[in-house]
Amino acid sequence: MKKNLQTGERLRPVDLARAHGLSTQAVRNYEAAGILPPAGRTPHGYRTYTPLHAAALRTFLALAPGHGHPTATAVMRAVNEGAEEEAFRLIDESHAELLDDRRTLRAVESALRDLDPATASGPAAASGPDATYIGPLAAKLGIRPATLRTWERAGLVTPRRDPLTGYRVYQEADVRDARLTHQLRRGGHLLEQIAPLIAQVRAAGGLEPLEAALGDWHGRLSARGRAMLAGAAELEAYLRAGAIGGAGEVERARAGQSSQ
């Protein structure tokens, strides 16, 4: 990014603030954070901005919904410091995170489809019609009892203890969590990755209510992907404007991009 950014039309902090529904203090904070290039100063010390500053603010506000505030800030700071490769690396990492989230969602959906509703309540009775002990449950899942104990330590299953024998008793919800954990482990997920998913199942109150949560999850990921596209368009325009070297070129750069 060229260092001579204060050219062309002069804008006051209030002009940038009003155009984006912000306070003038927010604009100053964005400048201090490196989101905006350094402002020019009048002979009396007042800040002056240019259309390139307005483009920087617009770019940041477009990047934030898709990449998050910290990453959007880091991207803008890198661009304004001339470290465009670092900015691209940050964006690549953010896209990789979105891809990982999509893979996780697919894994959860696959695990839910693979669960057998007819046997989800457990293989054998213990202290109730839908409860079982560690041995029968481990045998049903094809794993060792030690594995279930490991999952318990990780908080993935939470069996109660029989007050008379001290044996672990797995109720229907525990069997559900164990089966879901088993499916996700088979898909290559780590225990620390599975824990928040199990927490979502519990918060939803079971697998059926989770279907709505999965739909919302799909919607959030799609919205994030679209926001990334919008942010990329603004960033490309901002990079072009800076490369051209004139603040008055911002709108022409954007127009040129949209006409391609």
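The values are calculated or read from the model by the stated rules, or taken from the named source; none is laboratory data. Just so it is clear, the model here is predicted, and its values are computed rather than measured. Don't worry about glycine lacking a Cβ; one is built from the backbone with ideal geometry, like all the others, and counts go over all protein chains shown.
Looking at Tyr46 and the list (1) in contact (Cβ under 8 Å) with a residue 60 or more places away in the chain; (2) surrounded by fewer than 23 Cβ atoms within 10 Å (Cβ to Cβ), which single condition is not satisfied?
The number of the failed condition is (1).
So which of Arg144, Arg186, Arg168 ends up being of a type in the set (Lys, Arg) and either under 27 Å from Asp100 (Cα atoms) or modelled with pLDDT under 90 (or both)?
Details: Arg144 fails: either under 27 Å from Asp100 (Cα atoms) or modelled with pLDDT under 90 (or both); Arg168 fails: either under 27 Å from Asp100 (Cα atoms) or modelled with pLDDT under 90 (or both).
After applying the criteria, what remains is Arg186.
May I ask you to list the residues in the stretch 173-196 that are among the basic types (Lys, Arg) and in contact (Cβ under 8 Å) with a residue 60 or more places away in the chain? Walk me through it before giving the result.
So in the stretch 173-196, the residues among the basic types (Lys, Arg) come out as 176, 179, 185-186.
Once the filter is applied, which keeps residues that are among the basic types (Lys, Arg) and in contact (Cβ under 8 Å) with a residue 60 or more places away in the chain, the stretch 173-196 yields Arg176, Arg179.
Suppose the filter is of a type in the set (Lys, Arg) and in contact (Cβ under 8 Å) with a residue 60 or more places away in the chain; does Arg18 pass it?
Details: of a type in the set (Lys, Arg): yes; in contact (Cβ under 8 Å) with a residue 60 or more places away in the chain: no.
No; evaluated as a whole, the condition is false for this residue.
When the stretch 67-93 is examined, which residues are found to be polar (S, T, N, Q) and either at positive phi or in contact (Cβ under 8 Å) with a residue 40 or more places away in the chain (or both)? Lay out the reasoning, then the answer.
Of the stretch 67-93, the ones polar (S, T, N, Q) are 71, 73, 80.
Result: Thr73, Asn80.
Give the residue that is nearest to Leu57 (Cα to Cα), with candidates limited to residues of the stretch 201-254 that are of a type in the set (Lys, Arg), surrounded by 15 or more Cβ atoms within 10 Å (Cβ to Cβ) and modelled with pLDDT of 70 or more.
Restricting attention to the stretch 201-254, the residues satisfying the condition of being of a type in the set (Lys, Arg) are 202, 220, 224, 226, 240, 252, 254.
Subset that is surrounded by 15 or more Cβ atoms within 10 Å (Cβ to Cβ): 224, 240, 254.
Among the residues that remain, those that are also modelled with pLDDT of 70 or more are: 224, 240.
Working: Arg224: 19, Arg240: 15 Å.
Only one residue fits best here, namely Arg240.
Hey, among Tyr49, Tyr30, which residue is aromatic (Phe, Trp, Tyr) and closer than 15 Å to Leu11 by Cα?
Result: Tyr49 is the single residue among Tyr49, Tyr30 that is aromatic (Phe, Trp, Tyr) and closer than 15 Å to Leu11 by Cα.
Which of the residues that make up the stretch 25-43 are crowded, with 19+ Cβ neighbours inside 10 Å and either of a type in the set (S, T, N, Q) or in contact with a strand residue (DSSP E or B) (Cβ under 7 Å, 6 or more places away or on another chain) (or both)? Spell out the reasoning first.
Let us first name the residues in the stretch 25-43 that are crowded, with 19+ Cβ neighbours inside 10 Å, namely 27, 30-31, 35-37, 39.
Within the stretch 25-43, just Ala39 meets the criteria.
I need the full set of residues from the stretch 165-187 which are in contact with a helix residue (DSSP H, G or I) (Cβ under 8 Å, 6 or more places away or on another chain), assigned to a loop (DSSP other than H, G, I, E, B) and farther than 13 Å from Val108 by Cβ, in order please.
Across the stretch 165-187, the qualifying residue is only Tyr167.
Of all residues in the stretch 188-202, which are in contact with a helix residue (DSSP H, G or I) (Cβ under 8 Å, 6 or more places away or on another chain) and among the aliphatic types (A, V, I, L, M)?
Selection gives Leu191, Ile194, Leu197, Ile198, Val201.
When you go through (1) at pLDDT below 95; (2) in a helix (DSSP H, G or I) one by one for Gly155, which number turns out not to apply?
Of (1) at pLDDT below 95; (2) in a helix (DSSP H, G or I), only one is false for Gly155: (2).
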